[in-house]
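The values are calculated or read from the model by the stated rules, or taken from the named source; none is laboratory data. Since this is a predicted model, take the numbers as computed values, not measurements. FYI the Cβ positions are ideal-geometry reconstructions off the backbone, even for glycines, and counts take in every protein chain you see.
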Amino acid sequence: MTRSSWSVPETEVFAAAREAIDTGRSAALATVVDVRGSAYRPPGAKMVVPEDGGALGSVTAGCLEEDVRSLAADVLAADEPRMETFDLMEDDDVWGLGVGCNGVIDVLIEPLTEEYRPVLSAFEAGETVAACTVLASDDAAVQLGDRAYYDGTEPTRLSGAWPDWLASALGEPADEIASQGAAETITIEIDGDGTTATVFVDGITPPPELFVFGTGHDVAPVCELAKNVDFRVTVVGFRGASATEERFPAADRVLSTAPGRLRDELAFDENTYAVVMTHNFVDDRLTAEALLPTEVQYIGLMGPRERFEEMQTTVAEQGEGFPAEELHKLYTPVGLDLGGGTPYQIAHSIVSELLVVHNERTPRHLKTRDGRIHERLEIDTPGTGAR
């Protein structure tokens with residue numbers, strides 16, 4: 001597979017899965033379902049492997065993708081899901097030779113069928129859903145690959161004849177994992193019975209929305225980088241002639257409006273982020289005024305601190321003033337201090353700060369971090385009682 005097909009955003013992986021299902025193209029879906037030790041990709045990482053060649057997405061740094069593609073061909077030929085464990089810690093293991101990931105990775109490879117559509121529909125509609133897939137069970141009623149979808153705490157669709165003890169017990173942990181946008185493998189057990197089921201719970205959350213206000217040359221690099229890290233990007237211009245799709249091909253939408261109409265024409269919620277870079281003092285001020293009272297989590301404002309202080313003075317002189325309780329959402333000068341000054345270096349600074357805020361992290365070197373790079377949830381899965 002090529003670098004461009006390996007490093008695509010998750011939105012493109014889901015789009016490829018939808019296209020395969022819509023067109024009836026035979027394809028397999030490979031998903032990392034568990035990691036012990038260290039690995040490049042966390043649980044939930046996906047790759048779509050069409051039968052007629054090619055692949056989109058990644059489950060490792062590239063060291064196992066060809067092997068997964070070969071296994072996917074076997075899965076499609078047998079029309080049955082398969083679990084494969086890659087032990088990358090043993091030097092004498094065929095999978096671990098020279099790889100250096102220092103972990104054990106479980107990958108579920110399954111035929112991509114209509115059963116997976118609820119995930120794609122939820123993602124496209126901007127909804128959260130938990131896809132729960134059986135990996136192993138002592139109960140013959142459920143088999144490898146059987147899946148349930150949870151919206152809230154109730155299963156919305158079941159593949160196979162799921163026993164009540166398992167379907168009901170999954171609701172609470174599925175809801176918790178989905179709300180965090182996480183992916184975890186958990187084990188459900190019946191108290192005193194010894195019957196267990198191991199289930200991979202994949203929390204699918206909608207991608208965050210990024211509004212970039214401005215149409216200057218520096219907007220395009222921000223759009224490109226933000227799109228590549230799975231933001232859904234909308235460029236908003238205040239001068240119609242320059243707000244075109246041709247100027248910003250990486251954006252999902254390009255719109256033209258006026259600062260005074262932002263809250264009437266655009267929807268902002270807690271999954272929304274904004275970067276204001278019109279380079280026009282009045283437009284920037286009016287945009288910041290419109291955004292601060294909304295649920296937008298992050299407002300990055302281009303320009304030096306002195307410019308914002310002047311902006312605050314101007315607003316105060318008009319008898320209004322920015323709402324003090326909302327100023328914590330405003331980041332100006334926008335971006336992390338990465339030390340760069342070229343357009344793409346500045347764009348990296350801005351998008352890095354977006355990721356820090358979205359992922360609720362504190363910027364620091366990974367070498368100072370204890371434990372895993374990819375965080376894992378601690379899910380309490382008590383026994384379900386007798387059946």
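General remarks:
- Leu170 being touching a strand residue (DSSP E or B) at 6+ places or on another chain (Cβ under 8 Å) and either buried (at least 20 other Cβ atoms within 10 Å of the Cβ) or touching a residue at least 12 places away in the same chain (Cβ under 8 Å) (or both): yes
- Residue ID - surrounded by the most Cβ atoms within 10 Å (Cβ to Cβ), chosen from residues in the stretch 118-146 that are touching a helix residue (DSSP H, G or I) at 6+ places or on another chain (Cβ under 6 Å) and under 29 Å from Asp252 (Cβ atoms): Ala130
- Checked against (1) polar (S, T, N, Q); (2) modelled with pLDDT under 95; (3) outside any loop (DSSP other than H, G, I, E, B), Ser352 passes all but a single condition, namely (2).
- Out of Phe308, Phe322, sole residue that is over 25 Å from the mean Cα position of the chain (by Cα), surrounded by 16 or more Cβ atoms within 10 Å (Cβ to Cβ), under 27 Å from Glu224 (Cβ atoms) and assigned by TED's automatic domain parsing to the domain that holds Thr278: Phe308
- Selection from the stretch 105-132 of residues that are part of a loop (DSSP other than H, G, I, E, B), over 14 Å from Ser159 (Cβ atoms) and not charged (D, E, K, R): Gly126, Thr128
- For the stretch 267-291, the set of residues classified as at pLDDT 95 or above, among the aliphatic types (A, V, I, L, M) and in contact with a Leu (Cβ under 6 Å, 6 or more places away or on another chain) consists of Ala274, Val276, listed by residue number.
- Out of Thr156, Thr187, one residue alone is of a type in the set (S, T, N, Q) and in contact (Cβ under 8 Å) with a residue 60 or more places away in the chain. It is Thr187.
- Scanning the stretch 179-198 for residues that are touching a Leu at 6+ places or on another chain (Cβ under 7 Å) and either closer than 14 Å to Val35 by Cα or among the basic types (Lys, Arg) (or both) turns up Ala182, Glu184, Thr185.
- Of all residues assigned to the stretch 279-294, at least one qualifies as being under 16 Å from Val219 (Cβ atoms), among the polar types (S, T, N, Q) and either surrounded by 14 or more Cβ atoms within 10 Å (Cβ to Cβ) or in contact with a Phe, Trp or Tyr (Cβ under 6 Å, 6 or more places away or on another chain) (or both).
One line per residue, one yes/no per condition, for (1) modelled with pLDDT under 90; (2) of a type outside the set (A, V, I, L, M); (3) on the phi < 0 side of the Ramachandran plot:
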residue	(1), (2), (3)
Val8	yes, no, yes
Ala20	no, no, yes
Leu29	no, no, yes
Gly37	yes, yes, no
Gly53	yes, yes, no
Leu88	yes, no, yes
Asn102	yes, yes, no
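- Of the residues making up the stretch 133-146, those that are assigned to a strand (DSSP E or B) and either without any contact (Cβ under 8 Å) to a residue 40 or more places away in the chain or out of contact with any Phe, Trp or Tyr (no Cβ under 9 Å at 6 or more places or on another chain) (or both) are Ala136, Ser137.
- Screening Tyr149 with (1) assigned to a helix (DSSP H, G or I); (2) surrounded by 20 or more Cβ atoms within 10 Å (Cβ to Cβ); (3) free of Cβ contacts under 8 Å to residues at least 60 places away in the same chain gives one miss only, at (1).
- Applying the criterion of being out of contact with any Lys or Arg (no Cβ under 9 Å at 6 or more places or on another chain) and among the charged types (D, E, K, R) to the residues of the stretch 23-59, the residue that is nearest to Thr133 (Cα to Cα) is Asp34.
- Restricting Ala17, Ala28 to residues that are touching a residue at least 24 places away in the same chain (Cβ under 8 Å) and out of contact with any Asp or Glu (no Cβ under 9 Å at 6 or more places or on another chain) narrows the list to Ala17.
- Members of the stretch 42-74 found to be buried (at least 20 other Cβ atoms within 10 Å of the Cβ), touching a residue at least 60 places away in the same chain (Cβ under 8 Å) and part of a loop (DSSP other than H, G, I, E, B), listed by number: Pro43, Gly44
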